[in-house]
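The values are calculated or read from the model by the stated rules, or taken from the named source; none is laboratory data. Given the structure is predicted, the values throughout are model-derived calculations rather than measurements. Positions of Cβ are generated from backbone atoms using ideal geometry, with glycine treated the same way; all protein chains shown enter the neighbour counts. The accessibility values were calculated without ligands, DNA or RNA, using every heavy atom of the protein model including side chains. Shrake-Rupley method; radii C 1.70, N 1.55, O 1.52, S 1.80 Å.
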Amino acid sequence: MSGAYDDILHFARPASKKHTPMPMEDRAAQFLPFAALTGYDAAVSETARLTEERVELDAQEAERLGEKLAALIKRQQEQPELSLLYFVPDTRKAGGAYVRLNGRLKKITDFPRCVCLTDGSRIPIEDIVAVESPCLLENID
């Protein structure tokens, strides 16, 4: 079987005198798939990311939370340890996430209505769904 290039098949591949040969790893990169839709993967990931719906406290739960906050106001000079469960709205889509934060109470303010911790955290009272503290076990339950 003879072909059109039989006469040159035995010659070595020509090499440039100016440029060194490209490493095989770099040559392979030329043939990698290319992202025609930039940002598509990020958009799919964002859509797939789950958020939680905000839970509204019923009247009893809201009253109980108010009692706990009132008890903490009386003890805020002691800077008691506490644990807050609160809702953080998502900035990109509906819903959000519930976050637990542990720390020491600095003060509870009326305007804006928030719980301030000694580490500088400020949690809006309307976002808080649960408060736990060892000092509350003595007063409420």
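Tell me, what % of the accessible area of region 16-141 is carbon and sulfur with a 1.4 angstrom probe?
55 percent
Leaving out ligands and nucleic acids, note down the accessible area per residue over the chain with a 1.4 angstrom probe, in whole Å². Walk me through the numbers before you get to the answer.
Numbers: 11240 Å² over 141 residues.
Ligands and nucleic acids excluded, the figure is 80 Å² per residue.
Which angle from 0 to 90°, rounded to the nearest 10, does the C-alpha axis of helix 59-75 make with the longest principal axis of the chain?
80 degrees
Projected onto the charge dipole of the chain (+1 at Lys/Arg Cβ, -1 at Asp/Glu Cβ, origin at the Cα centre), which of 20, 69, 30 gives the Cα projection farthest towards the positive end?
Ranked along the dipole, the leading option is 20.
Which percent of the Cα-Cα distances in the chain go past 25 Å?
In whole percent, the long-distance tail amounts to 56.
Anyone know which of 32, 50, 69 comes out most mobile in the 10 Å Cα GNM of the chain?
32
Just how large is the dipole of the chain about the Cα centre, in debye to the nearest 20, putting +1 at every Lys and Arg Cβ and -1 at every Asp and Glu Cβ?
For this selection, approximately 760 debye.
Considering lysine pairs in the chain that are 8 or more places apart or on different chains, how many have Cα atoms under 18 Å apart?
Values: 68/106; 68/107; 74/106; 74/107.
Lysine pairs meeting both conditions in the chain amount to 4.
Using a simple spin-label model with points 7 Å from Cα along the Cα→Cβ vector, what separation in nm is obtained for residue 18 and residue 77?
Taking the two extended label points, one gets 8.6 nm.
Order 16, 121, 2, most accessible first, counting only protein heavy atoms with a 1.4 angstrom probe. Can you show the working numbers first?
Numbers: 16 70, 121 30, 2 105 Å².
Result of the area sort, largest leading: 2, 16, 121.
For region 30-91, count all C-alpha to C-alpha pairs, find those more than 18 Å apart, and express that count as a whole percent of the total. Each step should come with its number before you reach the end.
On the way: 1232 of 1891 pairs.
Tail of the P(r) past 18 Å holds 65 percent of the pairs.
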